[in-house]
Amino acid sequence: MRKKIVAGNWKCNTTIQEGVELAKAVNELAAKSGVKNVVVVLGTPFTHLASVVAAVDTNLIDVAAQNCAAEAKGAYTGEVSAAMVKSTGAEYVILGHSERREYYGETSETLNKKVALALANGLTPIYCCGEALSIREANEQNAYVKTQLEETIFNLSVEDFSKLAIAYEPIWAIGTGVTASTAQAQEMLAYIRGLISNKFGKAVAEETSILYGGSCNAKNAPELFAQPDIDGGLIGGASLKAEDFLGIITAY
Ligand code: PEP
């Protein structure tokens, strides 16, 4: 059965000390509430990865980077490679987030390199896709997301593709307080699963975890997560408070 995943994306928030406290609080609440059948992931800044891995029970919580370099190693000042991320004990890496695409010019070409390096280093990519408001308003979201997938992760071998998770995040719902309606989210995730089925076969499609992201919170998570194709969430703002995040983790 495919995994249910709830992944926090802390973005550029918290000092190491604050991040460790937050991670410990999530760990404590998750342990108390007996969370099961959900993979809980904390997506922290690079600087926090090793400290957060050391602070949590890794049987209960996994840790993710929010990016990795497009090169394996070498003279790339300021970059953090997939091997470095893996060496912290992190198991996941969020790739292709719309903020990286928009503010740092990440293209499909760059993302192909990042995904390949992440996989080669034993990290699980959470590969993000999703359209801007103007595309949704023109009702072109399906074609847009299809192209995003076809230019990147649909070029992987079936073996590699089977190792990653996907997060659909409509840009108009990220950090805006506007959630895609349950029907819109389910419709897109079912569409993505259909594309995977056409490309890699039904069995692979059935095993691929596809998450929804965009203003997901403890209130709307139960309805979203009850949908047949929504396998969890990528959570920004609501992952910065342990109790809010726990409310989402326990929405299943
Ligand atoms: C995100 O940035 O991945 C995200 C979903 O943010 P938020 O939950 O704050 O909308």
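The slack between S162 and E79, meaning 0.36 nm per residue of separation minus the straight C-alpha distance, is 27.2 nm. Accessible area per residue for the chain is 44 Å², calculated with a 1.4 Å probe on protein heavy atoms, without ligands, DNA or RNA.
Treating each Cα of the range 145-252 as an identical point scatterer and summing with the Debye formula, the log10 of I(q)/I(0) at q = 0.15, 0.19 Å⁻¹ comes to -0.62, -0.93. Between E243 and S181, the distance separating the two model label sites (each 7 Å from Cα on the Cα→Cβ line) works out to 3.2 nm.
Stretching the chain fully between K113 and A203 yields a gain of 29.8 nm (0.36 nm per residue, less the alpha carbon separation).
The length gained on full extension between Q17 and E223, counted as 0.36 nm times the residue separation minus their Cα-Cα distance, comes to 70.7 nm. Expressed as a whole percent, the accessible area of the chain that falls on carbon and sulfur atoms is 51 (1.4 Å probe). Legend: helices of the chain (whole DSSP H runs) are marked when their alpha-carbon atoms reach 15 angstrom or more along the helix axis and their mean Kyte-Doolittle hydropathy is at least -0.5; marked are 16-32, 108-120, 182-200.
The values are calculated or read from the model by the stated rules, or taken from the named source; none is laboratory data. It should be emphasised that the depicted structure is a prediction, and the values quoted were computed from it without experimental measurement. For neighbour counting, all protein chains shown are included, and Cβ atoms are generated from backbone atoms with ideal geometry for every residue, glycine included. Only protein heavy atoms, including side chains, enter the accessible area calculation; ligands, DNA and RNA are left aside. Shrake-Rupley method; radii C 1.70, N 1.55, O 1.52, S 1.80 Å.
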